[in-house]
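Since the structure comes first, as structure tokens, the remarks are kept for the end.
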Amino acid sequence: MKIIRNVAEMQKQSMELKRAGKTIGFTPTMGYLHEGHASLMEQARVESDIVVASIFVNPLQFGANEDFDQYPRDEARDIQLAKEKGVDYLFIPAVSDMYPNPTGIQMLPNQRIAVLCDRSRPGHFQGVLVVLSKLFHLVQPDYAYFGMKDAQQLAIVDLLIKDLNFPIQLRMVPTVREEDGLAKSSRNVNLTSQERAEAPHLYQALQLAETKIVDGEKNPVNIVDEVKQYIKTYTSALIDYVEILSFPNLTAVDWIDQDVIIALAVQYQHVRLIDNIIVNKAGERVHALR
Ligand code: PAF
């Protein structure tokens, strides 16, 4: 595995690979890698000649009061894991190289926004769009792999790729969970032991919603109410949102007769957690963008 820290070198390397006719699978990350990232790399390894992963904690996507400084980092461990997963090139740029000047262009999505995480993290997705546009130009992937846990990010990346004609196929990879159901996240290390013990109830709340839909409940309001009640009963987390929206368009639904995302976000002392499931009108899980 080759580690590239320089932006110009990454782009030169990708251009050479493309000229040689190689397909590139790309897993962008912010590091502190876990099994969720590993599953993205594994899928990339199966589908592409060359696997590129990036580690870059992107300051543009963190708000002033968010955890940019506390975001966990462990480069040596990440390098080891990427090597084990068969990554060919690990791109670890410096902030000063990615953003030598304040960005002169802003990217403002018009759709799939003003819901879910965008409400409590204004500006976050603009930062994600800028960094991903840059990374896509530098890495020139044929396939890009994103986890379903960040479903709004995935929906917005889908829009970015389609609207701006990036020649990239987006792959949606299922959320990897701990044995007790908690979605894997780099941020889980910042939970207190009590929070960690109760956090699996978040996924159980989503499963409760799923069961309701399987049993024929079509009214999203009733389901959202039950999910909120469940979270309040079994956890000490503050609910940021529980929403049921169409997927991937993320529009309001007043009757569940299509693919929907049931998504939640909660705030713990030092950590904000998100999780979701995507189901069709019969309550069966959906695992691909349609
Ligand atoms: O999901 C993440 O880790 C980040 O938002 C991403 C896609 C690497 C962009 O910084």
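FYI, it's all coordinate maths here, none of it is from the lab. Please read all numbers here as calculations on a predicted model, not as lab measurements. Because the Cβ atoms are built from the backbone with ideal geometry, glycine has one as well, and the counts that use them run over all protein chains shown.
Looking at the stretch 124-136, is at least one residue out of contact with any Lys or Arg (no Cβ under 7 Å at 6 or more places or on another chain), free of Cβ contacts under 8 Å to residues at least 12 places away in the same chain and not small (Gly, Ala, Ser)? Let's see the steps before the verdict.
Of the stretch 124-136, the ones out of contact with any Lys or Arg (no Cβ under 7 Å at 6 or more places or on another chain) are 124-136.
With free of Cβ contacts under 8 Å to residues at least 12 places away in the same chain added as a condition, the list becomes none.
Checked the stretch 124-136: no residue is out of contact with any Lys or Arg (no Cβ under 7 Å at 6 or more places or on another chain), free of Cβ contacts under 8 Å to residues at least 12 places away in the same chain and not small (Gly, Ala, Ser).
Could you check how many residues of the stretch 33-58 are more than 16 Å from the chain's Cα centre (by Cα), within 15 Å of the ligand (Cβ to nearest atom) and surrounded by fewer than 19 Cβ atoms within 10 Å (Cβ to Cβ)?
Qualifying residue count for the region: 0.
So Phe125 clears everything in (1) in contact with a strand residue (DSSP E or B) (Cβ under 7 Å, 6 or more places away or on another chain); (2) within 10 Å of the ligand (Cβ to nearest atom) except one condition, right? Which one?
Of everything listed in (1) in contact with a strand residue (DSSP E or B) (Cβ under 7 Å, 6 or more places away or on another chain); (2) within 10 Å of the ligand (Cβ to nearest atom), Phe125 misses just condition (1).
Of the numbered conditions (1) under 23 Å from Gly25 (Cβ atoms); (2) touching an Asp or Glu at 6+ places or on another chain (Cβ under 8 Å); (3) within 13 Å of the ligand (Cβ to nearest atom), Gln169 satisfies every one except a single condition; which is it?
Failing condition for Gln169: (3).
Go through (1) of a type in the set (Phe, Trp, Tyr); (2) crowded, with 18+ Cβ neighbours inside 10 Å; (3) within 15 Å of the ligand (Cβ to nearest atom) and name the single condition Tyr99 misses.
Only one criterion is unmet by Tyr99, namely (2).
Quickly run through the stretch 163-203 and pick out the residues that are crowded, with 18+ Cβ neighbours inside 10 Å, more than 26 Å from Asp67 (Cα to Cα) and not hydrophobic (A, V, I, L, M, F, W, C).
Listed by number, the list holds a single entry, Arg171.
Do we have any residue at all in the stretch 69-83 that's surrounded by fewer than 19 Cβ atoms within 10 Å (Cβ to Cβ), of a type in the set (S, T, N, Q) and within 12 Å of the ligand (Cβ to nearest atom)?
no
Which of the residues spanning the stretch 125-139 are closer than 19 Å to Gln111 by Cα and either among the charged types (D, E, K, R) or buried (at least 20 other Cβ atoms within 10 Å of the Cβ) (or both)?
Of everything in the stretch 125-139, those that are closer than 19 Å to Gln111 by Cα and either among the charged types (D, E, K, R) or buried (at least 20 other Cβ atoms within 10 Å of the Cβ) (or both) turn out to be Phe125, Val128, Leu129, Val131, Leu132.
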